[in-house]
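This structure is in structure tokens; I'll ask about it shortly.
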Amino acid sequence: MKTKLIIVRHAEAVGNKIREFHGWTDEGITERGNLQASRVAERLKDVAIDVIYSSSMKRTMETARYISEVKNLPIIPVDDLKEINGGLWEGMTWRELARKYPDLYDIWENEPHLLQFPEGESMEGFQRRVVAAVTRILEKEAGKNILIVTHGTVIKVLLCYLKELPLKEMVRIPWCDNTAITAGTWENGTFTVEVEGDASHLDDETSTFKNQAWYYEYKKRFFESENV
């Protein structure tokens, strides 16, 4: 039995705009985020979707609402699809984190699978939570076209599982732009990726990544040689 899985990263949220770590920090989407959400909803208007699930956080629910209205489907919120709990990292800027937690910041950048956030989640425990939630959804909605709206780190650890890669490979999975789409087919316990991190519905003005310097540095460092 084939099950279609469409994963959408939430639209640009306050944390993305001001470059703060917002895992469980629960802020909504920005003006640009609303434009992004509108565009991804329009892109999905004619795509077959039977059910919509979302992380229960404001930024994902607000994004999902655009798709819900276009598809005339309710949103099913799931707490276990939330972003990773950053503990003491929550609400700190990336520059502050690099200064205050240089060793942990280096792990985040280079070996994130080993990360244990101070007073927060470990990456391994986080992946178990996410995989368990998605597995429950796949089992419950087998044979349907499922859409899930969730978060950037969720997508990275989930793709490791879906691609049958060890968690240490998450550093090689590129970050998805806000409202980027990843989709594929789940059949007999195997996921076939059809689209990964596709944000072609965004232009230079509406893309979050294309308006932030960190992304070009990140892309050059990790993926330029691989033409990703």
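Table: residues versus (1) of a type outside the set (A, V, I, L, M, F, W, C); (2) in contact with a Lys or Arg (Cβ under 6 Å, 6 or more places away or on another chain); (3) in contact (Cβ under 8 Å) with a residue 40 or more places away in the chain; (4) in a strand (DSSP E or B).
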| site | (1), (2), (3), (4) |
| --- | --- |
| T25 | yes, no, yes, no |
| R32 | yes, no, yes, no |
| S38 | yes, no, no, no |
| R43 | yes, no, yes, no |
| A48 | no, no, yes, no |
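While we're looking at this one, here's another question. Can you name every residue in segment 156-165 that is more than 9 Å from the chain's Cα centre (by Cα) and of a type in the set (K, R)?
Scanning segment 156-165 gives a single hit, K163.
Conditions tested, residue by residue: (1) surrounded by 18 or more Cβ atoms within 10 Å (Cβ to Cβ); (2) under 30 Å from G28 (Cα atoms); (3) more than 17 Å from the chain's Cα centre (by Cα).
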| residue | (1), (2), (3) |
| --- | --- |
| V154 | yes, yes, no |
| I173 | yes, yes, no |
| N188 | no, no, yes |
| D198 | no, yes, no |
| L202 | yes, yes, no |
| E205 | no, yes, yes |
| Q212 | no, yes, yes |
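Taking the residues in segment 121-137 that are out of contact with any helix residue (DSSP H, G or I) (no Cβ under 7 Å at 6 or more places or on another chain) and within 16 Å of W186 (Cα to Cα) as candidates, determine which candidate is surrounded by the most Cβ atoms within 10 Å (Cβ to Cβ).
This residue is I137.
Further question: When you go through K140, K156, K71 one by one, which is the residue that is among the basic types (K, R) and touching a helix residue (DSSP H, G or I) at 6+ places or on another chain (Cβ under 6 Å)?
None of the others qualify; the one that does is K156.
Note down all Cβ pairs under 8 Å where the first residue falls in segment 103-123 and is at pLDDT 95 or above and of a type in the set (S, T, Y), the second is surrounded by 15 or more Cβ atoms within 10 Å (Cβ to Cβ) and assigned to a loop (DSSP other than H, G, I, E, B), and they're at least six residues apart or on different chains.
If the second residue must be surrounded by 15 or more Cβ atoms within 10 Å (Cβ to Cβ) and assigned to a loop (DSSP other than H, G, I, E, B), the pairs left are S122/L115.
The values are calculated or read from the model by the stated rules, or taken from the named source; none is laboratory data. Note that the coordinates shown come from a computational prediction; the quantities given were computed from them, not determined experimentally. Virtual Cβ from ideal backbone geometry, glycine too; neighbours counted across all protein chains shown.
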